[in-house]
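**Q** One structure, pasted below without further comment.
The values are calculated or read from the model by the stated rules, or taken from the named source; none is laboratory data. Everything numeric in this text was worked out from a predicted model, so none of it was measured. Here the Cβ positions follow ideal geometry from the backbone for every residue, glycine too, while neighbour counts run over all protein chains shown. With ligands, DNA and RNA removed, areas are computed over all heavy atoms of the protein, side chains included. Shrake-Rupley method; radii C 1.70, N 1.55, O 1.52, S 1.80 Å.
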Amino acid sequence: MKIPLRELEALVGPEALLAGDAPEARRYLVDGTEIRAIAGQAGAVTLPADAEQVRALVAFCYGHDLPLVPRGGGTGLAGGAVPLDGAIVVSLERLSAPAQIEPEHWRAHVQAGAITADVARRARENGLYYAPDPGSAESSLIGGNIATNAGGPHTFKYGVTGSWVTGLEVVLAPGELVRIGGTVRKDVGGYDLRSLLIGSEGTLGIVTGAWLKLLPTPESRLPVVGFYESAQAGGDALEAAMVSGIVPAALEFLDAGALAASLGTLLASVPELPGDAAERTKFMLIAEADGDAEAAARGQAELVDALGAVDGMVTVHAPQLATDVERLWRWRDGVSGAVNAQRGGKVSEDIVVPAERLAEAVAATLEIGERHGLPACTWGHAGDGNVHATFMIDRSVPAEVERAEAAAGELFELAVGLGGAVSGEHGLGLVKNGALALQWPAPALDLHEQIKHLFDPKGLLNPGKKLARLPDVSR
Ligand SMILES: Cc1cc2nc3c(=O)[nH]c(=O)nc-3n(C[C@H](O)[C@H](O)[C@H](O)COP(=O)(O)OP(=O)(O)OC[C@H]3O[C@@H](n4cnc5c(N)ncnc54)[C@H](O)[C@@H]3O)c2cc1C
């Protein structure tokens, strides 16, 4: 495919165009799946300055049959932003004006290139709360969060990214900049195109901006950390939290392997843990109460009672100081990196199971790893039954990568077999192509494919991603 670099340069300017084989373009060929040795190939990388340039790029590429890959922060864990076969990368990073907050109306307008954590910080400075908090919040972009419908610990109570989006500014094929929804909180007239675009992973359109609703910041948040002798005991604690009468803001878990990789740095900041607790602990549950100071304190006390009354409980820790709470969540954000550091790489999937089957999913993941000769561990969002089922690899050993990919394939069958879903957060991207066929009946898969065709008749928007079925190569 011949890439018309001069014409692309005319659309975005020379400073905003990289040839696909330029050294500076290398970082645009990979995303968070680089740790599982996945890399792509781009015809060019474009860095448009505004929505109009994005529109012009889509119109040009659609007119010239050039495939396009929108890109946010490149933190995706499904390979969605990895360009295939010389596609043109459209990086949204320059659409990064500070979020405009309207404190009196509890809402914000953001450009797609705003860093997620900056949006949350801007909201907080105005007394407001933007809850979606993916572990990558300091490097993912809000457009990427919308395109994957990202979650995080606090989306258990407050809802994933899509629950916060009231409107989208989006470029649709063959090159139209449109607004769907806006500042209003209720809008049910048409088919829900906004929800269809949220989580569409760049396969239906390119998000250039969004309107978000916000909430007043909870005055206080007080977590409880329960340490347990087994995943089964941890599962019982999860159930105890669910029936405690408190709606936890977050309900997170780590199994023995994830703890072994990451607990050391937390223990340094949890002074009152008894001496042998760390060795006896094989499972950790974090449940957080929030609200005004009184409600959070009452909720924390009730969660201490609930999490502490479970057979197989080692100890329960209830931090009081805001600095300790912050440290706990910073530590939690680092779990993925700590697991990765064990062997230099990991193949991790974000399967979902009914929460009451969490302990089964944990045990089955370890069993799959053992069969494939790979150390495994799990952690994630217990309340949502969302398990980061992970095989730790040395990615310089191709046979290990291969075994891990085969093991990951079994995870999808596991999730669906337990009554769950193949992806709770990261989307299908490249690495889960075809997995949806395990979960959905044929008529639903047909609709998935027809919707893609309707939005993108030429199949040029992030081609080869989010495929409901694998292409039939025999035809
Ligand atoms: C350490 C770590 C922790 C993580 N923790 C979480 C977590 O807790 N919860 C969670 O949900 N995810 C998590 N992730 C995964 C990832 O951060 C999210 O999927 C995030 O939403 C991706 O955003 P991004 O800006 O990096 O998007 P990218 O990786 O750049 O892109 C992701 C997908 O969205 C598409 N896309 C990007 N921008 C746009 C746009 N403007 N318009 C249309 N399509 C677009 C891309 O084509 C691609 O298909 C984590 C990743 C890492 C590395």
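**Q** Can you report the principal axis dimensions of region 140-201 using only the alpha carbons, biggest first, rounded to whole angstrom?
**A** Per principal axis, max minus min of the Cα coordinates gives 37, 26, 17 Å.
**Q** Within 10 Å of each candidate Cβ there may be at most 13 other Cβ atoms; applying that plus a DSSP loop requirement, which trypsin sites (Lys or Arg not before Pro) in region 168-215 survive?
**A** Details: sites: Arg179, Arg185, Lys186, Arg194, Lys213; in loops: Arg185, Lys186.
In loop regions of region 168-215 (DSSP not H, G, I, E or B), the sparsely surrounded trypsin sites (Lys or Arg not before Pro) are Arg185, Lys186.
**Q** Wrap a convex hull around the Cα atoms of the chain, take a quarter of its surface area, and give that in square nanometres.
**A** Details: hull surface 90.9 nm².
Orientation-averaged projected area of the Cα hull: 22.7 nm².
**Q** Can you give the accessible area per residue of region 258-355, in Å², using a 1.4 Å probe?
**A** Details: 4150 Å² over 98 residues.
For region 258-355, the per-residue accessible area is 42 Å².
**Q** Next question. Under the rule of at least 5 residues apart or a separate chain, name every residue whose amide H is placed under 5 Å from the amide H of Leu95.
**A** Hits under the 5 Å cutoff: Gly113.
**Q** Another question, if that's okay. Counting only DSSP beta bridges with both residues in the chain, tell me the antiparallel percent, nearest 5.
**A** The antiparallel proportion sits near 85 percent.
**Q** Leaving out ligands and nucleic acids, and using a 1.4 Å probe, what accessible area per residue does region 1-128 come to in Å²?
**A** 43
**Q** May I pose another question? Over all distinct Cα pairs, what is the inverse of the mean 1/r for region 178-293, reported as the Kirkwood hydrodynamic radius in Å?
**A** 18.1
**Q** Turning to a different aspect of this structure: Starting from the exponent 0.38 and prefactor 2.2 Å, build the expected Rg for region 410-453 from its residue count and divide its actual Cα Rg by it. Display every interim value, and only then the final one.
**A** Details: Rg = 10.7 Å, N = 44, 2.2 N^0.38 = 9.3 Å.
This ratio for region 410-453 stands at 1.16.
**Q** Moving on. With unit charges on the beta carbons (Lys and Arg positive, Asp and Glu negative) and the dipole taken about the Cα centre of the chain, which residue among Val119, Gly373, Leu430 sits farthest to the positive side?
**A** Leu430
**Q** Filter the chain for me: DSSP H helices, axial length by Cα at least 30 angstrom, mean Kyte-Doolittle hydropathy not below 1.0. List them by residue number.
**A** Details: long enough: none.
Result, helices passing both filters: zero.
**Q** Which of the pairs Lys213/Lys466; Lys213/Lys465; Lys346/Lys432 have their Cα atoms more than 18 Å apart in this structure? Please report the intermediate quantities before stating the final value.
**A** Working: Lys213/Lys466 28 Å; Lys213/Lys465 29 Å; Lys346/Lys432 16 Å.
The answer is Lys213/Lys466; Lys213/Lys465.
**Q** Right, here's the next one. Taking 8 Å as the Cα distance limit and 6 or more residues as the minimum spacing, I'd like the relative contact order of the chain as a percentage.
**A** Working: 1073 pairs, mean separation 71.1, N = 475.
Dividing the mean separation by the residue count of the chain yields 15 percent.
**Q** Here is a follow-up. Ignoring ligands, DNA and RNA, please state the percent of accessible area on region 314-367 from carbon and sulfur, probe 1.4 Å.
**A** With neighbouring chains kept in place, the figure for region 314-367 is 51 percent.
**Q** Quick one: work out the % antiparallel among DSSP beta bridges in region 46-109, nearest 5. Before the final figure, lay out the partial values.
**A** Numbers: 3 of 8 bridges.
Of the beta bridges lying entirely in region 46-109, close to 40 percent run antiparallel.
**Q** Under the 0.36 nm per residue contour assumption, what length would be gained going from the current alpha-carbon distance of Arg121 and Val184 to full extension? Kindly include the intermediate steps, with their values, before the conclusion.
**A** Working: separation 63, 0.36 × 63 = 22.68 nm, distance 2.28 nm.
Contour length minus Cα-Cα distance gives 20.4 nm.
**Q** Would you kindly derive the ³J(HN,Hα) couplings of region 380-392 from the backbone phi angles with the Karplus curve 6.51 cos²θ - 1.76 cosθ + 1.60 (θ = phi - 60°), listing them in order in whole Hz, with x for Gly and Pro?
**A** Once rounded to whole Hz, the list reads x, 9, 4, x, 8, x, 9, 10, 7, 8, 10, 10, 8.
**Q** Follow-up question, since we're still on this one. Which percent of the accessible area of region 1-121 is formed by carbon and sulfur heavy atoms (probe 1.4 angstrom)?
**A** Details: 2610 of 5050 Å².
That share works out to 52 percent.
**Q** A further question on this structure: Roughly how big is the chain's charge dipole about its Cα centre, with Cβ charges of +1 (Lys, Arg) and -1 (Asp, Glu), in debye to the nearest 20?
**A** Numbers: 38 positive and 60 negative charges, 227 e Å.
Value, rounded to 20: 1100 debye.
**Q** Give me the percent of the accessible area of region 424-475 that comes from carbon and sulfur atoms, probe 1.4 Å, all protein chains in place. Kindly include the intermediate steps, with their values, before the conclusion.
**A** Working: 1840 of 2820 Å².
Percent of accessible area from carbon and sulfur atoms in region 424-475: 65.
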